[in-house]
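> The structure under discussion is supplied below as structure tokens; questions concerning it will follow.
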Amino acid sequence: MSFVLGLQCRECGQEYPKQALHVCENCFGPLEIVYDYEGIKRAISREKIAAREKNLWRYRELLPIDGEPTVGLYSGFTPLVRAHRLGALLGVKELYIKDDSVNHPTFSYKDRVVSVAISKAIEFGFDTVSCASTGNLANSVAAHAAKAGLNCYVFIPDGLEQGKIIGSAIYGPKTVAIKGNYDDVNRLCSEIGDKYGWAFVNVNLRPYYAEGAKTHGFEVAEQLGWKLPKHIVVASAGGTILPKLAKGFKELVKVGLVEDTGCKIYSAQASGCAPIINALKKGTDLISPVKPNTIASSIAIGNPADGYYVIEAVRESGGWGESVTDDEIIEGIKLLARTEGIFTEPAGGTEVAVARKLIESGRIPRNESIVISITGNGYKTLETVAHSVEQPYTINATLENFDELYHQLDHPARARAVGI
Ligand SMILES: *Cc1c(COP(=O)(O)O)cnc(C)c1O
Ligand SMILES: [Zn+2]
């Protein structure tokens with residue numbers, strides 16, 4: 001049973017029946033899924049959700065498919081890690097990491113949006129799925145398409161990290177690298193989508209795709225014992241996840257699953273590609289596109305399709321945003337690894353470094369609950385930190401050799417994590 005009423009334009013309110021359409025035919029505004037929240041409120045409860053499988057479909061009433069989900073049956077429900085050691089270092093009382101670096105099966109938040117988009121593509125009867133990607137989305141589309149038995153073409157900018165390229169190719173799609181940046185890829189994909197009639201998960205299926213991002217926030221609330229955190233920090237690229245976290249939190253209130261205690265949402269970008277943060281700081285709604293120049297390739301989108309809605313959601317929530325340099329991003333990656341044992345990619349390093357900056361500047365108070373969303377995995381982007389870590393000491397297999405080495409090493413002592 002589906003609670004989806006149809007599609008509606010965010011700008012002019014025009015309504016449409018469910019279909020593979022992403023912009024309003026009147027005003028070119030983006031389309032959103034509309035649900036029957038009264039019906040959902042009657043249909044679900046905390047207990048009902050708790051009894052379901054630990055995957056993102058446990059919130060299925062708030063997701064836009066009509067029948068049984070067919071894709072992503074193991075995706076989502078990633079750990080919410082209580083970060084005692086990082087929290088102590090930053091001087092905050094209650095810090096959590098929402099760890100989508102271990103999302104199944106391709107280790108990023110994108111497994112959420114793709115699970116929903118491809119389930120919907122199958123309902124619509126498409127046999128070919130595709131995407132315009134900065135890397136992680138291509139990995140996820142390629143993997144889910146393999147499992148679902150769909151034809152697959154993925155489009156990426158050239159020059160991506162090996163882990164992202166091989167991390168798509170291994171699943172057997174056709175991978176097309178475009179000479180240019182993501183914005184060039186995206187422009188071409190709109191044309192290909194129109195001409196070839198494929199399901200481009202983040203183009204013609206974008207309204208459905210975007211809904212999958214809400215599950216990141218649903219899980220945070222459930223894992224906190226059906227409470228909203230006071231603050232959440234997440235990276236922004238095209239601008240999908242941040243506004244959808246805001247939408248998801250509002251929906252939880254609407255259907256009676258959490259109390260409306262308010263959650264401030266903060267956008268994180270790399271200084272080398274910060275069109276959203278620039279606009280936020282200037283106090284304007286108008287995003288000026290930039291040419292990306294950063295190691296954070298998965299969030300290097302210079303002309304974000306939904307950037308305006310990121311700014312709107314940030315402001316409405318009372319949150320803020322920051323950008324950080326590539327050096328700060330690498331520091332962020334190392335900090336998370338060395339305090340919490342979690343290896344993230346530059347997008348996650350951005351999330352950590354921005355959270356740190358916002359805490360240290362007093363924007364985020366130290367005595368309230370804070371969640372840092374970690375959206376991608378560091379094993380895909382080894383080359384970005386290869387020169388920032390100690391190389392192994394190579395010795396012969398003798399105790400004397402080790403003794404000799406041991407006396408040369410410094411031995412930093414670690415403090416055990418204690419609850420605060
Ligand atoms: C795609 C992506 C994001 C956020 O992108 P949005 O388009 O703003 O939703 C964040 N982190 C990683 C690792 C990503 O791949
Ligand atoms: Zn419209």
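> What residue, of 141, 116, is touching an Asp or Glu at 6+ places or on another chain (Cβ under 6 Å) and either within 20 Å of residue 294 (Cα to Cα) or part of a helix (DSSP H, G or I) (or both)?
On the way: 141 fails: touching an Asp or Glu at 6+ places or on another chain (Cβ under 6 Å).
The unique qualifying residue is 116.
> For the range 276-316, give me the residue count where each residue is of a type outside the set (A, V, I, L, M, F, W, C) and either open to solvent by less than 30 Å² (accessible area, probe 1.4 Å) or in contact with a Gly (Cβ under 7 Å, 6 or more places away or on another chain) (or both).
Restricting attention to the range 276-316, the residues satisfying the condition of being of a type outside the set (A, V, I, L, M, F, W, C) are 278, 281-285, 288-289, 291-294, 297-298, 302-304, 306-309, 312, 315-316.
If we keep only those that are either open to solvent by less than 30 Å² (accessible area, probe 1.4 Å) or in contact with a Gly (Cβ under 7 Å, 6 or more places away or on another chain) (or both) too, we end up with 289, 291-294, 297-298, 302, 304, 306-307, 309.
Result for the range 276-316: 12.
> Still on this structure: Test residue 209 against the criterion of being out of contact with any Gly (no Cβ under 8 Å at 6 or more places or on another chain) and either within 13 Å of ligand 1 (Cβ to nearest atom) or touching a residue at least 60 places away in the same chain (Cβ under 8 Å) (or both), and give yes or no. Even if it seems obvious, please write down each step before you answer.
Details: out of contact with any Gly (no Cβ under 8 Å at 6 or more places or on another chain): yes; either within 13 Å of ligand 1 (Cβ to nearest atom) or touching a residue at least 60 places away in the same chain (Cβ under 8 Å) (or both): yes.
Judged against the criteria, residue 209 is a match.
> Would you pick out the residues in the range 300-337 that are within 16 Å of ligand 2 (Cβ to nearest atom), under 29 Å from residue 261 (Cα atoms) and under 17 Å from the mean Cα position of the chain (by Cα)?
306, 309 - these are the residues of the range 300-337 that are within 16 Å of ligand 2 (Cβ to nearest atom), under 29 Å from residue 261 (Cα atoms) and under 17 Å from the mean Cα position of the chain (by Cα).
> Mind checking whether some residue in the range 347-367 is closer than 25 Å to residue 212 by Cα and surrounded by fewer than 23 Cβ atoms within 10 Å (Cβ to Cβ)?
We begin by selecting, within the range 347-367, every residue closer than 25 Å to residue 212 by Cα; these are 347-352, 354-355.
Checking the rest, the ones that are also surrounded by fewer than 23 Cβ atoms within 10 Å (Cβ to Cβ) come to none.
Within the range 347-367, not a single residue is closer than 25 Å to residue 212 by Cα and surrounded by fewer than 23 Cβ atoms within 10 Å (Cβ to Cβ).
> In the range 19-63, which residues are touching a residue at least 24 places away in the same chain (Cβ under 8 Å), under 15 Å from residue 255 (Cα atoms) and touching a Pro at 6+ places or on another chain (Cβ under 9 Å)?
Those that are touching a residue at least 24 places away in the same chain (Cβ under 8 Å), under 15 Å from residue 255 (Cα atoms) and touching a Pro at 6+ places or on another chain (Cβ under 9 Å): 35, 63.
> A further question on this structure: If I filter the range 342-385 down to residues being of a type in the set (S, T, N, Q) and part of a helix (DSSP H, G or I), which single residue comes out as farthest from ligand 1 (Cβ to nearest atom)? Give the steps one after another, and end with the answer.
Residues of the range 342-385 that are of a type in the set (S, T, N, Q), as a first pass: 344, 350, 361, 367, 369, 373, 375, 377, 381, 384.
With the extra rule that they be part of a helix (DSSP H, G or I), the set shrinks to 350, 384.
Values: 350: 8, 384: 12 Å.
Of everything passing the filter in the range 342-385, 384 is farthest from ligand 1 (Cβ to nearest atom).
> Shifting gears a bit: Given the conditions (1) in a helix (DSSP H, G or I); (2) within 14 Å of ligand 1 (Cβ to nearest atom); (3) farther than 30 Å from residue 51 by Cβ, and given that residue 281 satisfies all but one, which numbered condition is not satisfied?
(2)
> Same structure, new question: Evaluate the following for residue 415: is it open to solvent by 100 Å² or more (accessible area, probe 1.4 Å) and assigned to a loop (DSSP other than H, G, I, E, B)? Give the steps one after another, and end with the answer.
Numbers: open to solvent by 100 Å² or more (accessible area, probe 1.4 Å): no; assigned to a loop (DSSP other than H, G, I, E, B): yes.
No.
> Scan the range 34-61 residue by residue and report those that are closer than 29 Å to residue 200 by Cβ, more than 16 Å from ligand 1 (Cβ to nearest atom), hydrophobic (A, V, I, L, M, F, W, C) and within 23 Å of the chain's Cα centre (by Cα).
Answer for the range 34-61, where residues must be closer than 29 Å to residue 200 by Cβ, more than 16 Å from ligand 1 (Cβ to nearest atom), hydrophobic (A, V, I, L, M, F, W, C) and within 23 Å of the chain's Cα centre (by Cα): 34, 57.
> Does residue 371 satisfy being among the hydrophobic types (A, V, I, L, M, F, W, C), in contact with a helix residue (DSSP H, G or I) (Cβ under 7 Å, 6 or more places away or on another chain) and open to solvent by less than 70 Å² (accessible area, probe 1.4 Å)? Steps first, answer last, please.
Numbers: among the hydrophobic types (A, V, I, L, M, F, W, C): yes; in contact with a helix residue (DSSP H, G or I) (Cβ under 7 Å, 6 or more places away or on another chain): yes; open to solvent by less than 70 Å² (accessible area, probe 1.4 Å): yes.
So residue 371 fits the description; yes.
> Another one. Restricting attention to the range 221-268, which residues are among the β-branched types (Val, Ile, Thr) and within 13 Å of the chain's Cα centre (by Cα)? Spell out how you get there, then give the answer.
Our first condition is that a residue be among the β-branched types (Val, Ile, Thr); within the range 221-268, this holds for 232-234, 240-241, 253, 255, 258, 261, 265.
Within the range 221-268, 232, 233, 234, 240, 241 meet the criteria.
> Which numbered condition in (1) more than 23 Å from residue 79 (Cβ to Cβ); (2) open to solvent by 10 Å² or more (accessible area, probe 1.4 Å); (3) touching a residue at least 24 places away in the same chain (Cβ under 8 Å) is the only one that residue 177 fails?
For residue 177, the failing item is (3).
A quick yes/no check of all residues on (1) farther than 23 Å from residue 248 by Cα; (2) modelled with pLDDT of 95 or more; (3) out of contact with any Gly (no Cβ under 9 Å at 6 or more places or on another chain):
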| site | (1), (2), (3) |
| --- | --- |
| 74 | no, yes, yes |
| 79 | no, yes, yes |
| 89 | yes, yes, yes |
| 94 | no, yes, no |
| 103 | no, yes, no |
| 107 | no, yes, no |
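> Considering only residues that are among the β-branched types (Val, Ile, Thr) and either in contact with a His (Cβ under 9 Å, 6 or more places away or on another chain) or open to solvent by less than 20 Å² (accessible area, probe 1.4 Å) (or both), which ones fall in the range 208-254?
First, the residues of the range 208-254 that are among the β-branched types (Val, Ile, Thr): 215, 220, 232-234, 240-241, 253.
Matches in the range 208-254: 215, 220, 232, 233, 234, 240, 241.
The values are calculated or read from the model by the stated rules, or taken from the named source; none is laboratory data. This one's a predicted model, so the numbers in the text were calculated from it and none came from an experiment. In this analysis, Cβ positions are derived from the backbone assuming ideal geometry, glycine residues included, and neighbour counts consider all displayed protein chains. Please note that ligands, DNA and RNA were not included when accessible areas were found on the heavy atoms of the full protein model with its side chains. Shrake-Rupley method; radii C 1.70, N 1.55, O 1.52, S 1.80 Å.
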